Amino acid sequence: MTDLATYSRSGPVSTILMDDGKANVMSVAMLNALHAAFDQAERDKTVVILKARGKHFSGGFDLGVFAKGSAEDQYRMMKAGAELALRILSFPTPVVAACQGNAFPMGAFLIMSSDHRIATEGNYRIGMNEVAIGLTVPRFAIEIARQRLTPAYFSRVVMTAEMFGPVEAVTAGFFDRVVPAEALDRSAEEAAQALATLNMAGHAATKARARGAVIKMIRAMIDEDITPQYGNDRVASRASA
């Protein structure tokens, strides 16, 4: 793994910290680093805290790749992102997301896929703004949103690209609770330590049972939608625009 996502462990809890020095965009390099960190967490069988450094939790997918990247680059980025969201949604141990700043689509997908989601108070936004910037929301992301967002907010988030501050984002279903900024690290650690007392076999089996249908659906959607042809189609549509 690289410095884009660092892994540390203390007893039954591990922390994965995103830090690209900017907006923590989900480039292929960042996504690969996150996958490597989750590989280690899975080997260690730890409860995971996923957090970020800086003003942004994540700026979402690298828009430069969408705008100028090759077909292969676009395919690899979307594939790695979709696989990571599905991995967190089905991770065998609990995942705590600790959000301190803006979370644009791919960052929002990771938060929604996590088991316990904490946000800090502050002037920032979370949401899925694809349709506002000329993108179509991927099917895998729609299904993640459908199973975490409240019905009254689902259409506003997915189809009208509305973004929300942290307090209303709790009502929408992005977060479970909001804490003062200075309490985020402590709150995430306390939540992770409490979750570490669970029977992990029971947790994994129950998660698989509760989310099994949507996990199976998303798995099929990723396999059907995100193929090398996806990148070719993206480049072709860009050229014809």
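The values are calculated or read from the model by the stated rules, or taken from the named source; none is laboratory data. None of these values were measured; they are calculated from a predicted model. Cβ placement follows ideal geometry from the backbone for every residue including glycine, while neighbour counts extend to all protein chains displayed. With ligands, DNA and RNA removed, areas are computed over all heavy atoms of the protein, side chains included. Shrake-Rupley method; radii C 1.70, N 1.55, O 1.52, S 1.80 Å.
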### Charge dipole magnitude, Cβ of K and R +1, D and E -1 - the chain, Cα centre, debye nearest 20
340 debye
#### Entry: Extreme residue, positive dipole direction of the chain, given options L4, V28, A201 (C-beta unit charges)
A201
### Query
How far, in degrees from 0 to 90, does helix 228-240 lean away from the longest principal axis of the Cα atoms of the chain, to the nearest 10?
50 degrees
### Query
Once fully extended, how much extra length lies between A183 and A36, figured as 0.36 nm per residue of separation less the alpha-carbon to alpha-carbon distance?
50.1 nm
### Query
Which stretch or stretches of segment 49-67 have amide N atoms under 20 Å from the point lying 7 Å from R238's Cα along the Cα→Cβ direction?
59-67
### Query
Going down the list K68/K216; K55/K216; K45/K79; K79/K207; K51/K79, which pairs span over 30 Å between their C-alpha atoms?
K68/K216; K55/K216
### Query
Could you give the length gained on full extension between K45 and Q193, defined as 0.36 nm per residue of separation minus the Cα-Cα distance, in nm?
51.9 nm
### Query
Ignoring ligands, DNA and RNA, what percent of the 1.4 Å accessible area of the chain is carbon and sulfur?
55 percent
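Figure the gain on full extension for K55 and I133 (residue separation times 0.36 nm, minus the Cα-Cα span) and round it to one decimal in nm. Each step should come with its number before you reach the end.
Details: separation 78, 0.36 × 78 = 28.08 nm, distance 2.15 nm.
Full extension of this stretch gives 25.9 nm more.
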